[in-house]
Amino acid sequence: MRIGYFLSCEEYTPAQLIEQARLAQDAGFQGLWISDHYHPWNDEQGQSPFVWSIIGALSRVVTIPITTAVTCPIQRIHPAIVAQAAATSAVLHDGRFILGVGSGEALNEHITGERWPSAAERLEMLEESIEVMRKLWDGGFVNHRGQYYTVEQAQVYTRPQTPPAVYVSAFGPKALDLAGRIADGYILTMPDGDLVRGFREAGGGDKPVQGGFKASWAPNEEEAVATAHRLWANSGVPGELSQVLPSPKHFEQASQLVTPEQTAKAIACGPDPAAQASFLRQYEEAGFDEVYVANIGPHYAELIDLYRKEFL
């Protein structure tokens, strides 16, 4: 199982994200995930730079692969524009760029004032958006009149030799079927072996499966849990709330139902390598090909150094 590093745009400035990427590559991490958000999950996290600007800057700093985890190409940005952004990113990274996509959250996508579609409708939009992007990556002028998108005489001129791979994030059975049918790989943020097997049986076969989890390094476990709970209690918000709540304030309200004890179970906390090993082992046993760890809080250099010494 390959181990990568997850850049959280919700929590860090552009300069900090670039520094983390450089440190991660130097430590031996084998790839990068990067989140694509318009808003952070809560005001305490406090950041949300434009992901495509960061990806461009990263091309001058690292040579390890990078995957968006994940971009929603259905509403906030038209898929024809995402296709151009992904193609340019793939050129900048010499083909080492993967477009991870999903059906999104209202938190980021409702900002243009459009109605937030149902889950089933968003999956239909996601499938058509992937069709649009792949047409554009094939070259030539594209005209598309679909159920959700129109593209008129558009051509992406700056393209990599090989079109970007598209990995799909999926949790429910309908989304899992979509990922198995059309994705080049699968993205998941829980160590669920049943979902991994479901993807492979739905058509995914031996395509790559990526996962990710969060870690909070601090000099002691108590401080690490407190930092994780202050910044990322939203990780414990259950069910479909993460897809439908429209603002950071709503996530702050919902996160009040999450206890520090729940956060401590959901996030690898503290300086002990055994806590990290426990999470890594869960993903390995579930059949993941790659796993990406995200730091929480100010001690990202210490977490990266721990991985350098213990795992990489």
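General observations
- Formal net charge of residues neighbouring Leu92 (Cβ-Cβ distance under 14 Å; K, R +1; D, E -1): +2
- Phi angles across region 3-13 convert, under the Karplus curve 6.51 cos²θ - 1.76 cosθ + 1.60 with θ = phi - 60°, into 3J(HN,Hα) values of 10, x, 10, 9, 8, 8, 5, 6, 10, 10, 6 Hz, Gly and Pro given as x.
- Percent accessible area from carbon and sulfur atoms, region 105-157, protein chains only, probe 1.4 Å: 45
- Mean residue ellipticity (222 nm) of the chain, computed from DSSP H runs ≥ 4 via -39,500 (n - 2.57), nearest 500: -12500 deg cm²/dmol
- Couplings 3J(HN,Hα) of region 203-210, computed from phi: x, x, x, 9, 5, x, 10, 10 Hz, in residue order, whole Hz [Karplus 6.51 cos²θ - 1.76 cosθ + 1.60, θ = phi - 60°; x for Gly and Pro].
- Contact order, relative form, for region 202-309: 47 percent (alpha carbon pairs under 8 Å, 6 or more residues apart, mean separation divided by residue count).
- Full extension of the chain between Met1 and Glu252 yields a length gain of 86.9 nm, computed as 0.36 nm times the residue separation minus the alpha carbon distance.
- Here, the chain has an Rg and a Dmax of 18.7, 58 Å when only alpha carbons are counted.
- Using the Cβ-Cβ distance between Phe50 and Val244 with R0 = 25 Å, the FRET efficiency computed as 1/(1 + (r/R0)^6) comes to roughly 0.55.
- Eigen-decomposition of the gyration tensor built on the alpha-carbon atoms of region 32-86 gives equivalent ellipsoid semi-axes of 19, 17, 9 angstrom, largest listed first.
- Annotation: amide H-H contacts under 5 Å for Arg2 (H modelled 1.01 Å from N, sequence separation of 5 or more, or interchain): Glu290, Val291.
- Amide H contacts of Tyr186 (H built 1.01 Å from N, in plane; Pro and chain starts excluded): Val168, Val209, Gln210 sit under 5 Å, all sequence-distant by 5 or more or on other chains.
- Peptides 274-281, 30-37 ordered by average Cβ neighbours within 10 Å, highest first: 30-37, 274-281
- Solvent-free Debye scattering, log10 I(q)/I(0), computed from the Cα coordinates of region 1-97 at q = 0.19, 0.25 Å⁻¹: -0.90, -1.39
- Counted over the chain, the DSSP beta bridges are approximately 10% antiparallel.
- When you count the other C-beta atoms within 10 angstrom of each residue and take the mean per peptide, 254-267, 99-112 line up highest first as 99-112, 254-267.
- Packing rank of 139-145, 181-187, where each peptide gets the mean count of other beta carbons within 10 Å, highest leading: 181-187, 139-145
- In order through region 100-106: 3J(HN,Hα) via Karplus (6.51 cos²θ - 1.76 cosθ + 1.60), integer Hz, x for Gly, Pro: x, 10, x, 8, x, 10, 4
- Here the calculated FRET efficiency for Ala120 and Arg308, from their Cβ-Cβ distance with R0 = 45 Å, stands at 0.50, rounded to the nearest 0.05.
- Its relative contact order, with pairs defined as Cα atoms under 8 Å and 6+ residues apart, puts the chain at 21 percent.
- Gain on full stretching of the segment that runs from Asp26 to Glu131 - 0.36 nm per residue minus C-alpha separation: 34.1 nm
- Long-range amide H partners of Leu7 with built H, under 5 Å: Trp33, Ile34, Ser35
- Averaged per residue, region 250-310 has 48 square angstrom of accessible surface, using a 1.4 angstrom probe with ligands and nucleic acids left out.
- When the Cα gyration tensor is reduced to axis lengths a ≥ b ≥ c, the ratio a/c is 1.5 or higher for region 63-164, and with a/b not above b/c it is classed as oblate.
The values are calculated or read from the model by the stated rules, or taken from the named source; none is laboratory data. Fair warning: this is a prediction, and the values are worked out from it, not measured in the lab. Please note: Cβ atoms are built from the backbone with ideal geometry, for glycine as well, and neighbour counts cover all protein chains shown. The area values use the complete protein model at the heavy-atom level, side chains included, leaving out ligands, DNA and RNA. Shrake-Rupley method; radii C 1.70, N 1.55, O 1.52, S 1.80 Å.
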